[in-house]
Number of protein chains: 2
Amino acid sequence: MSEESRQCHCLALRRGSRHVTRLYDAHLAPLGLSISQYSLLSIINRRPGIRMAELGEIMVMERTTLLRALKPLLTAGWIESTRAKGEQAHTYRLTDEGRRVRDSAVPLWKAAQETLERSFEPERAVDLRREALALTKVDFG
Amino acid sequence: MSEESRQCHCLALRRGSRHVTRLYDAHLAPLGLSISQYSLLSIINRRPGIRMAELGEIMVMERTTLLRALKPLLTAGWIESTRAKGEQAHTYRLTDEGRRVRDSAVPLWKAAQETLERSFEPERAVDLRREALALTKVDFG
DNA sequence: ATTGAAAGTGTGTAAATACACATCTATCCT
DNA sequence: AGGATAGATGTGTATTTACACACTTTCAAT
């Protein structure tokens with residue numbers, strides 16, 4: 001690897017991100033869920049009535065990306081969107097079925113999380129998560 | 001955000017990864033390069049004659065993903081692939097033009113890298129990179 | 001020589017991602 | 001009321017990513 005690429009913060013994060021995504025996706029695969037979908041269900045579960053713009057900020061995802069990521073969840077009947085009279089923004093919440101799916105996915109998520117912590121050391125994992133989250137909050141201008 | 005999603009190592013890494021990807025992509029955009037492509041050019045530059053399998057390991061990328069990621073670089077004439085008689089694997093190297101493109105991209109990459117370090121604190125950035133790289137080396141089984 | 005395993009390459013399909021552009025909706029100002 | 005504006009949604013297009021599957025090539029063993 002070149003000096004630059006070896007030192008590239010971005011490449012390091014992307015590699016790490018791909019690596020752990022594979023781990024979590026593999027654990028969630030039996031339910032036909034990706035970690036991306038699991039994250040969406042979890043966030044919406046915690047904040048029923050959330051708007052897309054907020055979801056986008058939390059996920060650090062483009063609005064349009066989100067729009068298409070939510071579509072299969074809507075189609076599957078796991079989430080529903082409503083818009084109150086006089087409101088512009090749609091709001092999203094889990095359906096009963098969506099809650100069931102998410103609940104059944106939690107143990108699989110937990111297994112992935114524990115595998116990561118066991119393999120990497122719990123403290124390092126927590127530190128890495130904290131720093132990655134902090135980085136997300138940084139405004140590059 | 002739900003307790004789970006707030007604590008999810010994977011989501012944190014993915015968010016961080018998306019956030020910094022935007023930063024680097026924005027800096028490289030004037031050259032029509034993505035950080036992914038820049039990384040590929042840099043790695044191939046450093047290790048001329050590299051095989052796809054090795055590239056995949058370094059990038060933590062699926063072979064088929066890599067195959068399609070390399071295609072535009074081949075089309076653009078920035079890299080070339082050859083296969084020696086009696087060898088199964090193609091090997092990749094930069095063309096002169098590819099080297100030129102990469103060289104001209106280095107300052108843009110550096111600007112992104114420096115912006116990140118300035119915004120996040122150089123030490124934290126380096127630590128985060130080191131931990132993300134270490135994580136990549138972990139075998140989850 | 002044949003075949004069979006291992007290594008490598010390529011394609012179909014689909015999801016995740018984002019930018020540019022267009023459209024729709026609510027509200028505010030006059 | 002009518003138009004301007006800001007906020008929100010949706011579409012076209014393209015890249016990135018990966019899984020499943022199929023094909024090809026090399027080489028070793030019989």
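Each reported figure results from applying straightforward, stated rules to the coordinates on display, with no laboratory input. Predicted model only: the values in this text are computed from it and were never measured. As a convention, Cβ positions derive from the backbone with ideal geometry for all residues, glycine included, and neighbour counts pool all protein chains shown.
Measuring r between the beta carbons of residue A:126 and residue A:71 and using R0 = 45 Å, the FRET efficiency lands at 0.85.
When chain A is turned onto chain B, its residue with the beta carbon nearest the axis, and that distance in whole angstrom, is A:17, 2.
Here each label is just a point 7 Å from Cα along the line to Cβ, and for residue A:26 and residue B:104 those points are 4.2 nm apart. Which of rounded, prolate, oblate describes the stretch A:1-107, given a ≥ b ≥ c as roots of the alpha-carbon gyration tensor eigenvalues and a/c under 1.5 marking rounded, otherwise prolate only if a/b is larger than b/c? Cα axes put the stretch A:1-107 in the oblate bin. Plainly put, the tip 7 Å out from Cα toward Cβ on residue A:121 is 2.0 nm from that tip on each other copy, the closest given first. With 10 angstrom as the radius, rank B:85, B:137 by how many other C-beta atoms surround their C-beta, starting from the fewest. Ranking B:85, B:137 by Cβ neighbours within 10 Å, fewest first, gives B:85, B:137.
Treating r as the C-beta distance of residue A:63 and residue A:84 and R0 as 25 Å, the FRET efficiency rounds to 0.80. Between the C-alpha center of the stretch B:59-73 and that of the stretch A:97-138 there is a gap of 28 Å. Largest GNM mean-square fluctuation among A:27, A:19, A:90, using chain A with Cα springs under 10 Å: A:19. Position residue A:29: other-copy label points at 3.6 nm, ordered by increasing distance, label point 7 Å along Cα→C-beta. Shortest first, residue A:107 label-point distances to identical copies amount to 5.9 nm, with the label point at 7 Å from Cα along Cα→Cβ. The orientation-averaged projection of the convex hull spanning the C-alpha atoms of the protein assembly as shown amounts to 16.7 square nanometres.
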